[in-house]
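Accompanying notes for the structure given below.
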Amino acid sequence: MSVDPQGWAQFGHVKMPDYRWGIFLNPAEQDRKIHFGDHKGEGAWQDVPGEHRANLRRIIVTQGDTEPASVEQQRHLGLTCPSQYDLRNLFQVNVEEGRHLWAMVYLLHRYFGRDGREEAEALLERRSGNADNPRILQAFNEKTPDWLAFFMFTYSTDRDGKFQLCALAESSFDPLARTTKFMLTEEAHHMFVGESGVSRVIQRTVDAMNQLKTDDVGKLRAAGVIDLPTIQRYINFHFSVTIDLFGADQSSNAATFYSSGLKGRYEEGKRTDDHAQGQNYKILEVANGQLQGKEVPMLNALNEVLRDDYITDSKGGVERWNRVIEKAGIPFKLTVPHKAFHRNIGTLSGVKVSPDGRVVSDHEWNQKVEQWLPSDEDRAYVASLMGRVTEAGKFANWIAPPVIGINRQPIDFEYVRFN
Ligand SMILES: [Fe+2]
Ligand SMILES: [Fe+2]
């Protein structure tokens with residue numbers, strides 16, 4: 001209903017057809033000034049300057065396109081929910097992603113005239129994974145086939161959303177900055193769903209490992225839980241596909257977007273390094289069969305800067321997952337793969353690198369890829385676990401209940417009413 005917590009943190013039951021999407025903008029900051037790039041010190045734009053129109057439209061369309069894409073990827077998961085609690089979380093993520101589309105479409109309609117309206121229509125026509133009219137970014141054309149993939153997606157890919165939105169929240173185009181600032185409050189919940197979801201899967205697995213006193217994958221699968229190596233392979237997949245979303249490590253577009261004030265760096269306002277001018281930044285390349293750092297002008301490496309900030313942020317949750325394993329007394333550690341692993345964009349695309357950062361031959365890659373990325377067999381096993389649990393307070397066998405219910409309701413609260 002509004003951008004203050006009393007407005008957006010509403011927990012009552014709403015019938016699907018009665019749900020309404022709002023246009024939410026953070027309150028305007030009086031006399032907001034542009035705080036980076038060539039226009040630094042000038043007043044923030046309340047309208048779109050002609051010379052930046054095409055780039056701004058592109059940025060908004062690219063962001064907007066990811067929002068309905070994730071709904072298309074995830075909506076079928078309602079049929080295989082592991083509990084009412086999880087089903088309710090899925091619904092919330094989906095309606096908010098739908099609202100994020102609406103937030104971007106509002107900007108297109110309000111500020112970009114006829115071009116904007118046409119772009120908005122095209123957003124409704126593209127479909128995730130469609131061969132003829134796919135979504136713009138590849139991670140949003142991948143399948144989210146099961147709930148483990150959903151939790152990994154909300155942990156990893158919604159975090160990409162967070163970083164893109166943070167960069168846009170710095171924008172000189174004030175309506176975009178205000179819109180994305182509010183979207184960030186919702187993104188935080190999506191990442192929570194992912195992190196706590198994976199954590200509960202791990203909890204259930206380590207409990208079973210201790211109960212059965214085994215780390216044998218076959219025995220654990222016979223017991224209907226997801227073995228830790230499979231969880232690691234899912235991390236490897238989602239992490240690598242997501243870091244591609246930040247784009248090529250060297251990009252003149254990124255430099256233009258920054259210099260013209262359209263898109264800042266993560267927490268631009270807190271940085272004291274004179275706004276990327278005249279500085280270098282280290283990117284990775286392969287030389288003589290080895291990965292090595294290469295200094296390039298920071299302005300051209302801003303995608304890499306954002307990717308590295310993302311990677312730092314991603315590691316925190318994996319450490320928290322490791323604490324669950326550690327607490328259970330099991331000697332196993334989950335890791336974030338090397339950033340050169342399984343990349344398809346930029347200098348590292350096409351280079352075969354192991355999760356621990358060694359350049360490997362095609363032969364070694366082919367031999368080990370099933371240890372590094374989810375195999376068809378892994379996917380089929382996880383798929384075989386996906387049933388449907390809708391009785392309040394009951395949970396599927398492969399996932400532990402949450403520590404606390406939504407809005408401090410009991411875990412067996414009736415979160416979803418079926419008619
Ligand atoms: Fe979103
Ligand atoms: Fe999200």
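Derivation of every value follows stated rules applied to the coordinates shown; laboratory data play no part. Keep in mind that what you see is a predicted model, and the values were worked out from it rather than measured. Heads up, the Cβs are rebuilt from the backbone with ideal geometry, glycines too, and the neighbour counts pull from every protein chain shown.
Listed values, structure above:
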quantity	calculated
For the chain, share of DSSP beta bridges that run antiparallel, in % to the nearest 5	90 percent
Paramagnetic reach from Ala28 (point 7 Å along Cα→Cβ, amide N under 18 Å) across the stretch 154-188	170-182
Percent of alpha-carbon pairs separated by more than 18 Å within the stretch 267-334	58 percent
222 nm mean residue ellipticity, helices alone, for the chain (DSSP H n ≥ 4; -39,500 (n - 2.57); rounded to 500)	-16500 deg cm²/dmol
Over the chain, relative contact order from alpha-carbon pairs under 8 Å, at least 6 apart, %	21 percent
Lysine pairs with alpha-carbon atoms under 26 Å apart, the stretch 277-338, spacing 8 or more or separate chains	5
Directionally averaged shadow of the chain, computed from the convex hull of its alpha-carbon atoms, nm²	21.9 nm²
Convex hull volume per residue for the stretch 322-363, taking Cα atoms only, in Å³	85 Å³
For the stretch 121-176: span of alpha carbons on each principal axis (Å, largest first)	38, 29, 14
Virtual spin-label span in nm between Gln367 and Ile404, 7 Å along Cα→Cβ	5.0 nm
R0 of 35 Å, Cβ-Cβ distance Lys270-Arg20: FRET efficiency to nearest 0.05	0.45
Spin-label pair Arg110/Asp356, simplified geometry with 7 Å Cα→Cβ offset, distance in nm	5.3 nm
The stretch 139-208: proportion of alpha-carbon pairs further apart than 15 angstrom, %	58 percent
Euclidean distance of C-alpha centroids, the stretch 71-115 and the stretch 222-273, integer Å	21 Å
Added length on full extension, which subtracts the Cα-Cα distance from 0.36 nm per residue, Asn280 to Thr390	34.2 nm
Descending principal axes extents, the stretch 366-419, alpha-carbon based, whole Å	49, 25, 16
Inter-site label distance for Asp412 and Lys315 at 7 Å from Cα along Cβ, in nm	4.3 nm
Span-rule helices in the chain, defined as complete DSSP H runs reaching 20 Å or more along the axis (Cα) with Kyte mean at least 0.0	147-169, 228-243
